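Peer 1: Input: one structure, supplied below.
The values are calculated or read from the model by the stated rules, or taken from the named source; none is laboratory data. The structure presented is a predicted model; accordingly, all values stated were derived computationally and were not measured. Counting neighbours? That spans all protein chains shown, and the Cβs are built from the backbone with ideal geometry, glycine included. The accessibility values were calculated without ligands, DNA or RNA, using every heavy atom of the protein model including side chains. Shrake-Rupley method; radii C 1.70, N 1.55, O 1.52, S 1.80 Å.
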Amino acid sequence: MTTALAAAALAVPAQAHHRSSDSPLPTVTPRAETPVLHDDEAGGNADADDPAIWRNAAAPGRSLVIATAKEGGLRVYDLDARPVQSIAAPPAAGEDDAPGRFNNVDLVQGLRLSSGRTDLAVTSDRGHDRLRFYRIDRDRAGGPLTDVTDPAAPPVFSRDQAEINDQRTAYGLATWTDPASGKSFALVSRRERTSIALLELLPAAGGKVTYRKVRSVDLPSSFRLPDGTSWSPCGEPGELPQVEGMVVDPADGTLYAGQEDIGIWRLRADLTGTPKLIDTVREYGVPGVYDEETEECAPGADPGFGGTKVSADVEGLTLVTESDGDGYLLASSQGDDTFAAYDREVGDDNEYEGGFRVAPAHSALDGSEECDGAAALNAPLGAKYPNGLLVVQDGHDAPGDGDRPATNFKFVDLGTVLDALDD
């Protein structure tokens, strides 16, 4: 079942926002960075995108960061940001078909399989329009991740290989375990569309994992502005404003979804009820004309209806939970290289709490620019990160390697982030 939402029926921020003259945001610096990835033939078309942090409860200092590298597959790092394992994306189904491309990753704890309960890394394979599953065994001789994907797992959105090759496929990803039923799910968005699908994760024979679609929802692609006009963000012909960054608050089953050119939505993780747009990007309401030659949008005059905290694209949503039930929703404001923090309490209407930048630590350890993905864990991780860890993607690693595209992940002491937000 798919539910389409009309713009007129949505709860959106009522007031028109105007540009603010806030003081400069505080900065935090990384402690470590992963080796650079190069999105070219020599680099295996590896492009850092989205991280997840797996905590080793028995030995927190031996926890892992699992991250996607698009056509480069998956990378696993220790807390020193050193590579532990590299997993290739699956090959193309046929000579003229799209290759595997891992976009986002998240974790599921203690999923019951035919072989017993296990922790899993779940990734969206945009190239094949499927989810892939990896069992996590920290001390396994061949590396901590083992592929346990059911070979018969179906495409998420596509009807056939031709549609898969069009690449309007599985894109953003968040996992959720419903405490009432004990069932685990994945929320999956669709590239170049506004759809989000709810998939129930299921055990298959031989310790494998598959899934079934429960329902889906289509967020709006056009919006009624305060002046009564209708607006859609500019993009390539046929493309709709997609969602990528997503996270579920396990305390109340709230899904937060970043519609890149629109803003941040709040909705139930079971995809029932009415979504609410809790903040908009600065570019919200700005008209634009797509130029076929430059393949870019020429923006018009800003009517001043956008928000003041994040710039398109809004991506990399992650949660910081605190023992008293408070905490933050963090969002990567890719357009201005900042991060915004919102109160995770729905009762406080996800009020904006501040922001920060990830700045260079020194000449050999730069900060984060154009961040695609982020993951936070507010739990002790051994001697290196006793106050927790924030991992952010860096879209432009410096000093770089000539003209080669260079990306990686930065490791930041979460305690410094919380101090910056508390100041």
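Peer 1: Once the dipole of region 123-224 is set up with Lys and Arg at +1 and Asp and Glu at -1 on Cβ about the Cα centre, which of Pro144, Ile164, Thr194 lies farthest towards its positive end?
Peer 2: Final value for the positive-end residue is Thr194.
Peer 1: Next up: Report, ordered by chain and residue number, the aspartates and glutamates lying within cross-link reach of Lys384, taken as a straight Cα distance under 14 Å and ignoring same-chain residues fewer than 8 apart.
Peer 2: Correct list for Lys384: Glu33, Asp78, Asp80, Asp413.
Peer 1: Order 279-290, 25-36 from most to least packed using the mean count of other Cβ atoms within 10 Å.
Peer 2: 279-290, 25-36
Peer 1: Report the relative contact order of region 296-423, percent, no decimals, based on alpha-carbon pairs under 8 angstrom and at least 6 residues apart.
Peer 2: Relative contact order here is 18 percent.
Peer 1: Need one value: the accessible area of Arg140 in square angstrom, 1.4 angstrom probe, rounded to the nearest 10.
Peer 2: Using a 1.4 Å probe on the heavy atoms, I get roughly 90 Å².
Peer 1: Step through the residues of region 289-296 one at a time and calculate ³J(HN,Hα) from phi using the Karplus curve (6.51 cos²θ - 1.76 cosθ + 1.60, θ = phi - 60°), rounding each to whole Hz and writing x for Gly and Pro.
Peer 2: Coupling constants for region 289-296: 10, 7, 9, 5, 6, 7, 6, 9 Hz.
Peer 1: Whole number in Å², please: accessible area per residue of region 223-356, 1.4 Å probe, ligands, DNA and RNA not counted.
Peer 2: With the other protein chains kept in place, region 223-356 gives 39 Å² per residue.
Peer 1: Still on this model: For the chain, what relative contact order do you get, as a whole percent, if you take Cα pairs closer than 8 Å and at least 6 residues apart?
Peer 2: Averaging sequence separation for qualifying contacts and normalising by length gives 17 percent for the chain.
Peer 1: Just to be sure I understand: if I project the alpha-carbon convex hull of region 104-189 onto a plane and average over all orientations, what area do I get in nm²?
Peer 2: For the Cα atoms of region 104-189, the hull's average projected area reads 6.4 nm².
Peer 1: What lysines does Lys70 reach when the alpha-carbon gap must be under 27 Å and sequence neighbours fewer than 8 apart in one chain are set aside?
Peer 2: Lys208, Lys213, Lys410
Peer 1: Within 10 Å, count the other beta carbons around each residue, average over each peptide in 236-242, 66-72, and list them highest first.
Peer 2: The packing order, highest mean first, is 66-72, 236-242.
Peer 1: Kindly sort Asp326, Asp227 by accessible area of their heavy atoms, largest first, with the probe set to 1.4 Å.
Peer 2: Order by accessible area, largest first: Asp227, Asp326.
Peer 1: Let me ask something else about it. Remind me, relative contact order of region 137-192 in percent, using alpha carbon pairs under 8 angstrom and six or more residues apart?
Peer 2: Here the relative contact order equals 25 percent.
Peer 1: Can you give me the distance in nm between label points at Asp218 and Glu239, each placed 7 Å from the Cα along the Cα-to-Cβ direction?
Peer 2: Roughly 1.9 nm, to one decimal.
Peer 1: 5 Å is the cut-off here: which amide hydrogens, built 1.01 Å from N in the peptide plane, fall below it relative to Ala32, excluding neighbours closer than 5 in sequence?
Peer 2: Phe411
Peer 1: Of the heavy-atom accessible surface of the chain (probe 1.4 angstrom), what whole percent is carbon and sulfur?
Peer 2: Using a 1.4 Å probe with all protein chains present, the chain comes out at 46 percent carbon and sulfur.
Peer 1: Can you list residues from other chains, or at least 5 along the same chain, whose modelled amide H is less than 5 Å from the amide H of Lys208?
Peer 2: Correct list: Ser114.
Peer 1: How much length, in nm to one decimal, is gained on full extension between Asp97 and Asp147, taken as 0.36 nm per residue of separation minus their Cα-Cα distance?
Peer 2: So the chain would gain 15.8 nm between Asp97 and Asp147.
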